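The values are calculated or read from the model by the stated rules, or taken from the named source; none is laboratory data. Since the structure is predicted, the reported quantities are computational estimates derived from the model, not experimental observations. With ideal geometry, Cβ positions are generated from the backbone for all residues, glycine too; neighbour counts draw on all protein chains shown. Ligands, DNA and RNA are stripped out before the accessible areas are found, and what is left, the full protein with its side chains, is counted by its heavy atoms. Shrake-Rupley method; radii C 1.70, N 1.55, O 1.52, S 1.80 Å.
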Amino acid sequence: MDQFRQIGKVLGSLKALMVFKDDIQIHQRQCCLLVDIFTLAFEGIAQEIKENLKFQERNTKWKTLEQPLKELHRIFKEGEFYVQQCLETKDWWAKAISLAKNTDCVEFHIHNLLCCIPIVIEAIEIIGEISGTDQDDTQRKRLIVSKKYEKEWQDPKLFQWKFGKQYLVSQDICKQIDTVWKEDRWSLLQLIIEKKKSGALSKQEQRLAELLFNNLSETENFKLFPSLILVGSKDYQVRRRLGSGSQYKEIQWLGESFAARHCFGEIEPLIPDISLLSSLSHPNISNVFCGFSDEEKKECFMITELMNKDLNNYIKEVCGPRRRIPFSLPVAVDLMLQIARGMEYLHCHKIYHGDLNPSNVLVKARKTTEEGYLLAKVTGFSLSAVKNTPRSQSQQNGIQAFIWYAPEVLLEQEQPGNLCAAKYSEKADVYSFGMICFELLTGKVPFDDSHLQGDKMSRNIRAGERPLFPFPSPKYLTNLTKRCWQTEPVLRPTFSSICRVLRYIKRFLVMNPEHGQPDAPSPQVDYFEVEMGHSKKFLRWGNPEPTPISLIPFQMFSYKVLEKEKTNLNLRERSSESGSEGASVCGDENLGTVEDPFPTVNEKKTPVQPEPTIRRNSSAKKLSDAKATKQQGTQKGRTIRPPQLTSCGRSLRMNSETQLPMVSPNRRRSSGHASDSEIS
């Protein structure tokens, strides 16, 4: 209850800020929409709590709701900070340049809210089923919830009609989400036009107004402005280089700190790439605010947001003898989702990275959280004309170049005179993402302990060798990682699929906050199996296009429906196994020694056929004989849990590290890496 009260305080603070909404000159409509949606979310949750829960049980039965509300509170706090930023009037020109094309309101804050709302609703439903003492009322609630998660609602239009208001995706809200950013962009453009006509601008401000007008006007005639606007500014100052030998510098300009990418060479070939980069806008990619050039000096500048450091250096700094894992599971999964969303956006625009690695992921602490959450942005993409001149940082490190590249890329690089076409492909980026996931989960650089170098390592990677997790990691995450680094590109998922799976994994972690404990629960189903089933049913899901955020609640609802079906099917299978004759040859395989819920790509579970009805109607003599053989305290219809593992059973948690066929410990220690037969 305290968490819900804290959310109410943040909402009250937001409403107090919006008293001055007329003073918001940049993103006024987006701020209003964000506060309106937060208000609807709070009121909707309050109604759900009122209808389903008992106040007097808040200290005994509400624990399931604690973590979801904590997550929601963090989202509200981040939204409050965003509104405060938009209200700030200091250094207006710098703010206008950095926020002109910013889409954080919808693509970050509302996205996170719509991911969290289904989790909060589900937690309330779970508590509601056990709330109160009236058995008839409890049965009624369970029936209502079971009817809710049925196949008939697995249609986006029906879902919106039935549950749109509850999940904040009604037609009215969706329409506002789709148009609000364009409206704010038009308003800022009109404000710039008024400033230009006023005649009160200085010469420098007139240049800045012209720059903003050009950026906001959707014209095809993109141009780089004279670098004098940048370097000729009174407060322009280069503070430091960002990285050894890097093109990036931290600069002070217009009262704010920015990152500037400083490139040398012929300007003309760069203009198409810079034009494309300037047109992109997403919270999880490094956005180019504006570009400048000097034809005489043959140099150009691209101004971007200043981040703290790259992911590679961040992991090196936080990992040490006392801290081998750089991130908690929720933070690691959140970073994975942000990187995947950035790549999903790039692939939608037919931009393939080709050099995705931790050095090309920039991170910055999120100021409103104490749990270690970071903002992640993908950088280093496009600008092919510049890439071919100085080699990237990962290539300068020699052996590290191999570990991020997909096998097909390594094969192509060995061909004389190749153009590295395979490097710039969707599936090659997915492979590189899998290696980043490995480092996020373990804190180790892939193949860091390898004794192989150069061509030998390249050959082993192409043969199927992959890094092994140095300690047990959650299977639902190692499973995702290994699917991404499959040898065959066609077996790797798209980033759209990865995003959907990661959102549901986040939901699992929020609903199971004890994930850090040794006996933490695991999902009952393989989320990628759920994803493949839905991709076939909803053909649009199979396309490598960003998911409209208004569809996220439906997708999570649909995952829940299929997860429920598969879980019930597994329970029926296990029940039939435990009740069949001869099922205990190797002990009870359904108590603590369950089937692997994450089969490999080529592995399929064979459902066990239920026993014929006639066996259940055995004679009284057989029943009494069976009872006589049971140990005292054993429940009816269940076999005794074996005191230790037998040769026929294996522990799920002992094998939680990998989805692949088990390898003997001696073999693992001698090789240090997975072979191709283990991967495929």
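List of remarks:
- Residues in the stretch 88-106 include none that are loosely packed, with under 15 Cβ neighbours inside 10 Å, among the basic types (Lys, Arg) and part of a helix (DSSP H, G or I).
- GLN85 meets the conditions (1) touching a residue at least 24 places away in the same chain (Cβ under 8 Å); (2) assigned to a helix (DSSP H, G or I) in every case but one. The failed one is (1).
- Among residues of the stretch 388-415 that are open to solvent by 40 Å² or more (accessible area, probe 1.4 Å), those with a beta-carbon under 8 Å from a residue that is assigned to a helix (DSSP H, G or I) and at pLDDT below 50 at least six positions away or on a different chain give the pairs GLN400/SER394.
- Where GLN486 falls short, out of the listed (1) open to solvent by less than 10 Å² (accessible area, probe 1.4 Å); (2) modelled with pLDDT of 85 or more; (3) not in a loop (DSSP other than H, G, I, E, B): (3)
- Residue check for THR39: open to solvent by 10 Å² or more (accessible area, probe 1.4 Å) and either part of a loop (DSSP other than H, G, I, E, B) or not assigned by the TED database to the domain that holds LEU188 (or both): no
- Flag if PHE213 is in contact with a helix residue (DSSP H, G or I) (Cβ under 6 Å, 6 or more places away or on another chain) and not in a helix (DSSP H, G or I): no
- Looking only at residues in the stretch 276-312 that are acidic (Asp, Glu) and surrounded by fewer than 20 Cβ atoms within 10 Å (Cβ to Cβ), the one that is nearest to TYR248 (Cα to Cα) is GLU305.
- Residues of the stretch 362-377 satisfying the condition of being open to solvent by less than 10 Å² (accessible area, probe 1.4 Å) and in contact with a Phe, Trp or Tyr (Cβ under 9 Å, 6 or more places away or on another chain): VAL363, LEU374
- Checking each residue in the stretch 175-201 for being of a type in the set (Gly, Ala, Ser) and outside any helix (DSSP H, G or I) picks out GLY199, ALA200.
- The set of residues in the stretch 338-383 that are among the small types (Gly, Ala, Ser) and touching an Asp or Glu at 6+ places or on another chain (Cβ under 8 Å) comprises GLY354, SER359, GLY380, SER382.
- Residue in the stretch 243-258 that is part of a helix (DSSP H, G or I), among the hydrophobic types (A, V, I, L, M, F, W, C) and either at pLDDT 90 or above or surrounded by 14 or more Cβ atoms within 10 Å (Cβ to Cβ) (or both) present: no
- Candidate set from the stretch 145-174 (those that are assigned to a helix (DSSP H, G or I) and aliphatic (A, V, I, L, M)); member that is surrounded by the fewest Cβ atoms within 10 Å (Cβ to Cβ): LEU158
- Checking each residue in the stretch 148-186 for being closer than 17 Å to THR39 by Cα and touching a Cys at 6+ places or on another chain (Cβ under 9 Å) picks out only GLY164.
- Check on VAL331, in contact with a strand residue (DSSP E or B) (Cβ under 9 Å, 6 or more places away or on another chain), open to solvent by less than 60 Å² (accessible area, probe 1.4 Å), among the aliphatic types (A, V, I, L, M) and not assigned by the TED database to the domain that holds GLU107: yes
- Residue satisfying condition, being in contact (Cβ under 8 Å) with a residue 60 or more places away in the chain, part of a helix (DSSP H, G or I) and buried (at least 22 other Cβ atoms within 10 Å of the Cβ), within set ILE339, ILE315: ILE339
- Test result for LYS61, farther than 18 Å from GLN166 by Cα and either at pLDDT below 95 or among the acidic types (Asp, Glu) (or both): yes
- Count of the stretch 495-528 residues, restricted to those that are more than 23 Å from ASN284 (Cβ to Cβ), modelled with pLDDT of 85 or more and in a helix (DSSP H, G or I), is 2.
- Scanning the stretch 276-303 for residues that are within 15 Å of THR103 (Cα to Cα) and polar (S, T, N, Q) yields SER278, SER279, SER281, ASN284, SER286, ASN287.
- Scope the stretch 177-197; condition open to solvent by 70 Å² or more (accessible area, probe 1.4 Å) and of a type outside the set (A, V, I, L, M, F, W, C); matching residues: ASP178, LYS182, GLU183, GLU194, LYS196, LYS197
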